[in-house]
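First the structure, in the form of structure tokens, and then the observations on it.
Nothing in this text is a laboratory measurement; each read-out follows from the coordinates by a stated rule. These figures come from a predicted structure and were not determined experimentally. Please note: Cβ atoms are built from the backbone with ideal geometry, for glycine as well, and neighbour counts cover all protein chains shown.
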Amino acid sequence: MFADLHLHTQFSDGTYTPVELVAQAQRYGFRAIALTDHDTVEGCPPTAQACADAGIEFIAGTELTAEQEGHELHILGYCVNTGDPKLLSEIAKFQVVRQNRIREMVARLNQLNVPLRAEAVFDLANCRAPGRPHVARALVAARLCASLDEAFERFLKKNRPAWVPKFKMSASMAIKLIQDAGGAAVMAHPGLNHSDELIPAMAEAGLDGIECFHTKHSTSTAQHYLQLADRFHLLVTGGSDCHGVSKGHPVIGSVRLPYQHVEKLKARAALYQARAAASSADQASSASTVHSNGSQI
Ligand SMILES: [Zn+2]
Ligand SMILES: [Zn+2]
């Protein structure tokens with residue numbers, strides 16, 4: 001029994017629809033999958049439905065872009081309540097930041113005499129959390145670049161002429177946002193971030209786990225993070241980070257996380273869900289206290 005806890009769909013920068021993604025998961029015989037689209041939870045309800053139809057357990061998730069001491073970090077949230085008002089309002093703010101960033105990148109491309117229109121990127125992305133891969137795909141679709149690699153190398157990579165820095169929340173804020181929405185917070189693909197020195201402080205700040213198994217982690221990298229997880233009492237997760245067929249062949253199936261880790265993750269999230277329920281019950285009772293005091297006056 002295995003799981004893949006890191007997957008994307010068209011609701012962010014993946015190419016699969018929820019139904020296509022779940023068909024792939026079924027092909028590889030996964031017992032459970034988590035959807036972790038960037039800065040959105042919009043794809044969770046349709047993916048949950050597709051999983052229910054396929055007899056696969058679904059875990060609602062997201063991948064928030066955050067920053068800590070100058071490092072960009074991705075924080076995965078698992079078992080979040082996808083209707084949590086605070087989570088949704090914060091995500092909406094980051095979606096606006098993403099949309100403005102697309103306009104800024106297109107303006108820079110236009111200054112470089114690359115005639116791309118922002119609408120072409122938004123039409124192609126057709127989601128609320130557009131990102132650089134969508135700009136790259138629009139450049140290729142408009143025959144302004146020959147390949148996605150060329151688009152990144154010439155224009156979109158960090159410090160290239162059309163690159164625009166992105167405003168990010170702090171990692172500790174991302175952790176709190178996820179936990180307050182009843183989810184467990186996990187540092188994504190630490191092997192790609194080169195920021196191991198941040199892990200002790202993040203564990204201190206309440207981080208629940210680290211993604212030890214990832215398509216781009218070698219066996220020795222995975223071993224290294226398993227040791228760190230043990231040392232800092234962090235949960236272990238893993239996933240393929242499959243974005244569909246946009247970057248060559250799909251990578252789903254390359255990471256198979258033993259299901260026991262999913263059980264631990266769910267048990268941790270259940271603690272946050274209980275805490276969130278208790279705090280909303282508190283708020284409801286203090287609201288009614290105010291109301292009854294008000295009517296006494
Ligand atoms: Zn990521
Ligand atoms: Zn990802």
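Say the cut-off is 23 Å between C-alpha atoms; which of K166/K264; K86/K158; K176/K266; K86/K216 go over it? Kindly include the intermediate steps, with their values, before the conclusion.
Working: K166/K264 33 Å; K86/K158 31 Å; K176/K266 17 Å; K86/K216 33 Å.
As for pairs spanning more than 23 Å Cα to Cα, those are K166/K264; K86/K158; K86/K216.
Using alpha-carbon pairs under 8 Å, 6+ residues apart, how would you state the relative contact order of the chain in percent?
Relative contact order comes out at 22 percent.
What distance in nm lies between label points placed 7 Å from Cα along the C-beta direction at V19 and A281?
According to this spin-label approximation, the distance is 4.1 nm.
If I model a spin label as a point 7 Å beyond the Cα along the Cα-Cβ vector, how far apart are those points for N110 and A141 in nm?
Each label point lies 7 Å from its Cα, and together they span 1.8 nm.
Report the gain in length on full extension from H224 to E69: 0.36 nm times residue separation, minus Cα-Cα distance, nm rounded to one decimal. Mind dumping the intermediate values first?
Working: separation 155, 0.36 × 155 = 55.80 nm, distance 2.23 nm.
Result: 53.6 nm gained on full extension.
Out of the DSSP beta bridges found with both residues in the stretch 1-117, what percent are antiparallel (nearest 5)?
The antiparallel proportion sits near 55 percent.
Past the 29 angstrom mark, what percentage of all C-alpha to C-alpha distances in the chain do you count?
Summing the P(r) tail past 29 Å for the chain gives 37 percent.
DSSP beta bridges in the chain, what fraction antiparallel, as a percent rounded to 5?
Details: 14 of 31 bridges.
Taking every DSSP beta bridge within the chain, about 45 percent pair in antiparallel fashion.
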